[in-house]
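A.B. asks: After the structure tokens below, expect a handful of questions from me.
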Amino acid sequence: MGAPFSHVSLLSLLLLLTLSLVAAGEDSFSLPLIFRHPVSPQLSNPFERIAGLASASLLRADLLKKSSTTSAALFPHSYGGYSINAYFGTPPQEIPLLFDTGSQLTWIPCTGKYLCQNCSSPENPVGKIPTFFPKQSSTSKLIGCKNTKCGWIHSPEFLTSCRNCVVPSNSSSDNICPQICPPYLIIYGSGSTTGLLLSETLRFFTRTVAADDFVVGCSVFSDKQPAGGVAGFGRGVSSIPSQLRLKSFSYCLIPRKLDDSGESGFLELNGGAALNYGDGGIVFTPLLKTPIATAAASAFSVYYYVGLRKITVGGKKVKIPSTALALGRDGNGGTIVDSGTTFTFIEPAIFEPLAAAFVDQVGLRLNRSDDVERNTGLKPCFDLPDGTTSEMVSMPALAFHFKGGAKMRLPLENYFAFVGNSRPTICLTVVSGGGVAGIEGSGGPAIILGSFQQQNYNMIFDLERERLGIQQQSCIAR
């Protein structure tokens, strides 16, 4: 663990950044979506890796459930995620970005002074984190504090430094101001990132320009962040879908065997075929919004809510109070779809009857594994006979039923995982309050549908018609 990074040092870095930062369509296309799981060398056994993912999922849930209007959702360092490659600047510089539907601001490691504590991984050791250099780009521009885009991340009340900003008399634009947009500080459970907003050119793998005035966070200091940046695909105005004016996007996540894979899934922008026909197994459910614009509801408005009607285990409806599944007028409750959470999070009021349903249907033939549950933070876990393989396991089917008839009937590998050293054990890959990290069940989404449960599903976000399409299929890149 490194020494604490002082606020004075951070401000000094930002000042240096300010002084030296800047030098003198709607076509459909698809990008590879690559699984990344930067496991720490210390987390080498199955118990620790599962426990790390469970703990990270709880930290992520804690973040998403907090009603802070000045922070965006990010990945804990030991977290498994999916990345895309993007190119910023002129000439283009390649930066890997973790794909995140639960946040809006896209940020990248930035400048030669970039410092990241607790951010190394086997793939990107300290000193080798992919970094963007604004001075090497002819199109980098700092966002001014009177630029309306500065208000994308700062409230009007916060922008006190802009009140006395004097526009030069020879300026013809109200958006030009000698003062820059104040630094952003994005905080989550155990990590953070901070920097300044840039206007920059964005390209994807085709190297064709996707946006020539894209607002991106130029981070100069981070703690417990991914070895790269974050691609914000949430609903906010600063998100990639909003800035690129996308009518739709879809992603398909390859199976994650808890290890990195050479294969990749895909992310498709403005793909229209599936939206126009809706056949071939695609069923849509409406995307919901918070009913009223309270402060808390506004903070949660970045999320993609869906209407979950019921959950079934082994074809039997789990007895859950209907109010527990409903999206409240204050933005609390309801279900969101999040690519940045690994294991699905479910509030205790819903999780307890769900777990009990599995125990009721499985408990007569398999014994609970209390020690594995203690070591991983997952439950229920069941001991299997020696020599049992994944092909030999039979468990009650888990299905999520949404409004409009959409349904996710999960294959076994999407909701149970093999863990254990001395004997085979299988655990439900769903987390709740009171687990490894332990969070209180107050406020925010009641269910956060994570990426582990979305494996081999094509998730189609029809932004124009405000609906989500779901189709089970192989997600290996086409």
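A.B. asks: May I ask you to list pairs of residues, at least six apart or on different chains, whose Cβ atoms are under 6 Å apart, with the first in segment 225-240 being closer than 13 Å to TYR114 by Cα and the second being at pLDDT 90 or above and part of a loop (DSSP other than H, G, I, E, B)?
C.D. replies: GLY228/PRO130
A.B. asks: Of all strands (runs of 3 or more DSSP E) completely enclosed by segment 344-458, which ones contain at least 2 residues that are touching a Ser or Thr at 6+ places or on another chain (Cβ under 7 Å) and among the aliphatic types (A, V, I, L, M)?
C.D. replies: Counting at least 2 such residues, we get 416-419, 447-449.
A.B. asks: Restricting attention to segment 93-109, does a residue exist that is farther than 30 Å from GLY328 by Cα, outside any loop (DSSP other than H, G, I, E, B), modelled with pLDDT under 85 and of a type outside the set (Ser, Thr, Tyr)?
C.D. replies: No, segment 93-109 contains no residue that is farther than 30 Å from GLY328 by Cα, outside any loop (DSSP other than H, G, I, E, B), modelled with pLDDT under 85 and of a type outside the set (Ser, Thr, Tyr).
A.B. asks: Can you work out which of the residues in segment 321-344 that are of a type in the set (A, V, I, L, M, F, W, C) and modelled with pLDDT of 95 or more is nearest to GLN455 (Cα to Cα)?
C.D. replies: Ranking the candidates gives VAL337 first.
The values are calculated or read from the model by the stated rules, or taken from the named source; none is laboratory data. The structure displayed is predicted, hence computed values, not measured ones. In this analysis, Cβ positions are derived from the backbone assuming ideal geometry, glycine residues included, and neighbour counts consider all displayed protein chains.
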